[in-house]
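Below is one structure, written out as structure tokens; comments come after it.
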Amino acid sequence: MNWPAFWLTVRLAVIVSSLLVVIGIPVAHWLTYSRWRWKFLVDAVVALPIVLPPTVLGFYVLMALGSRSPIGRWWESLTGHTLAFTFEGLVIGSLIYSLPFAVQPFAAGFSAVDPRLLRASASLGQSPIRTFVRVVLPLSKSGLITGFALSFAHTLGEFGVVLMVGGNIPGVTRTISIDIYDRVQAAEYAAANLTALVLLVLSFLILSLVYGINRRPWAMGAWK
Amino acid sequence: MSEAAPASSRSSDLEVRIRKRYPHPEGTFHLNVHFRAKPGFTILFGASGAGKTTILDSIAGLDGPDEGRISIGGEDFVDSEKKVNVPAWKRRIGYVLQDLALFPHLTAEQNVAYGIYDLPFADRRRRSREILRTFRVEQLHGRHISEISGGERQRVALARTLITEPRALLLDEPLAALDRRAKSHIVDDLRAWNRAHNVPILYVTHSREEVFALGEQVIVLDAGRIVAQGPPHEVMRAPQLETVAQLSGVENLFDAVVIGIHEDRGTMTCRVNRGPVELETPLVHAKIGSKLRLGIRAGDLLLAIETPRGLSARNVIPGKIHKLEQRDVIVSALVDCSGTEFEAHLTLAARESLSLSEGRKVWIVVKTYSCHLMSA
């Protein structure tokens, strides 16, 4: 078991899914309530990582972060090193890669909130921001939990983007999924199996936790 | 009560002038109203689709009129000319929505305290307990909305709005789901509250009963326009216009042509539905040959099983019972009089004692002043 890789991965997943709560809530809010006619294009862009091969996504992120791109140069002037093949670069790539897994459950939660409650809140003197915090967020709790857990689990298991953007630097960008790949390449099946098992169990636990919290005890039986 | 209100209360009148058009399944809908509501109850009465809820939404700021002006005590919330449009949450207008829209994730007390979030906790608690007591639901404070009954929800919704001390109160059929007793209790509580606050209360309903029970003023709406306005007994008792008649429960509506004018008696003779039935009606401003509409309430018709004699009523028409139907505690009889069908309402006891049945020959008796004439 490669513990440095394990903890690196957990650290990455915690940072990415937490940042996605901060970024995802405003994005989901905009996607839910905006009346802009071209909104569907933004919807499509947000959903792209679900369908794109991770290598394609990783390739473009690498290009965008490299020292030839404005973002890469700006970062270099700020910190003295490039974004590509660093942990920070990995975070950015993972944010984009897992964005839909946070935004879509958030947006589904927001749009499930009865709009009449928002009207009532306004007539009780509460500003749109307060209404969002006091009514929409609490009532979308399960969507928020789902989005957080899915983006966490998705980051935990990513491979293609990490390999493209981060390379395979032990302690910096080597995550467990890459570690598993390395072990298999080196024919160390027992070690690969152990790590894979840890990832499997961890993912299962996270999903069970989500579905357990969101369990609806009053769900009706199958329709007969 | 509105007449007795002190002159200073004029300053809190709600004045509404709204024009709005929007697409509707049956063509474009035009809303065009202008009225002033004094402190106290003003009823907005009309069939569904008449524009009542749109008016309330516009006043509350949840919907914008195309053009118009809305103000309370001279302070504008909407003025399309000056491009004023105060957002809903800054208007301090209380609005109890038809479906109440209580917050499901909060308790009754948290719901009530929702609009006074800026006060310190102790004040919030004191005031919310106080108003829950006023509306007799203080025992529910810790319960969630899903755990309380329909009538209790209505009270919590009212309390939640009133605690914010609104400058005007909009009620969209808030009592529609309640039985009569529960309704009159809440109305008493509301009146008591308003004796202390004295704000304009716009109350939307399509129940005739509520108009008489609550209204100091009633505004009758039809298809986006005000068709009548005034104290309920004036507006509702003597319908001047067909729409009012239809809405206020006149079951018999006929086309009528004036065929005789008897100025000496103050009456006219009208032929109903091209005859042969003729009725003596009150005299209105009309000429021989004028086409009018004639309305008679089913409850104003008498039925006789023998030729009636010695009556003051001027209209006695033979006919045959074509259908007899019991509805709750009244019996509705459809009587065919040579092709013109009248609907009469009787008590159960009357049906028994006359042993009425379908096919029976009867006489309909109509007092002259039970005939209401309207322009066609």
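Looking across B:Ala196, B:Ala113, B:Ala182, B:Ala223, one residue alone is in contact with a helix residue (DSSP H, G or I) (Cβ under 6 Å, 6 or more places away or on another chain) and farther than 27 Å from A:Thr131 by Cβ. It is B:Ala182. Being surrounded by 18 or more Cβ atoms within 10 Å (Cβ to Cβ) and of a type outside the set (Val, Ile, Thr) is the filter; apply it to region B:111-124 and report the residue that is nearest to the other protein chains (Cβ to nearest Cβ). By that ranking, first place goes to B:Gly115. Filter region A:126-169 for residues that are among the hydroxyl-bearing types (Ser, Thr, Tyr) and farther than 20 Å from A:Leu99 by Cβ; which is surrounded by the most Cβ atoms within 10 Å (Cβ to Cβ)? Among those residues, the one meeting the criterion is A:Thr131.
Screening region A:114-142 for residues that are small (Gly, Ala, Ser) and either within 7 Å of another protein chain (Cβ to nearest Cβ) or touching a residue at least 40 places away in the same chain (Cβ under 8 Å) (or both) and picking the one that is nearest to B:Ala157 (Cα to Cα) gives A:Ala120.
Can you spot a residue in region B:132-143 that is within 14 Å of chain A (Cβ to nearest Cβ) and either crowded, with 22+ Cβ neighbours inside 10 Å or out of contact with any Asp or Glu (no Cβ under 6 Å at 6 or more places or on another chain) (or both)? Show your work before the answer.
To start, the set of residues in region B:132-143 that are within 14 Å of chain A (Cβ to nearest Cβ) comprises none.
Within region B:132-143, none of the residues are within 14 Å of chain A (Cβ to nearest Cβ) and either crowded, with 22+ Cβ neighbours inside 10 Å or out of contact with any Asp or Glu (no Cβ under 6 Å at 6 or more places or on another chain) (or both).
Condition check: more than 17 Å from A:Ala122 (Cα to Cα), over 31 Å from the mean Cα position of the chain (by Cα) and assigned to a helix (DSSP H, G or I). Does B:Arg133 satisfy that? It is false that B:Arg133 is more than 17 Å from A:Ala122 (Cα to Cα), over 31 Å from the mean Cα position of the chain (by Cα) and assigned to a helix (DSSP H, G or I).
Give region B:67-87 a look and list any residue that's at negative phi, surrounded by fewer than 17 Cβ atoms within 10 Å (Cβ to Cβ) and away from every other protein chain (no Cβ under 14 Å), or say none.
Within region B:67-87, B:Glu67, B:Glu75, B:Asp76, B:Asp79, B:Glu81, B:Lys82, B:Val84 qualify.
Residue count for region B:355-376, restricted to those that are aliphatic (A, V, I, L, M) and either modelled with pLDDT of 85 or more or on the phi > 0 side of the Ramachandran plot (or both): 4. Output the residue which, of all residues in region B:156-200 that are part of a loop (DSSP other than H, G, I, E, B) and under 19 Å from the mean Cα position of the chain (by Cα), is farthest from the other protein chains (Cβ to nearest Cβ). Step by step, filter region B:156-200, then rank; the result is B:Asp179.
Taking region B:10-129 and the strands (runs of 3 or more DSSP E) fully enclosed by it, the elements with 3 or more residues that are more than 30 Å from B:Ser146 (Cβ to Cβ) are at B:14-22, B:29-37, B:40-45, B:67-72, B:75-79.
The values are calculated or read from the model by the stated rules, or taken from the named source; none is laboratory data. Computed from a predicted structure; not experimentally measured. Every residue, glycine as well, gets a Cβ built from its backbone with ideal geometry; the counts of neighbours run over all protein chains shown.
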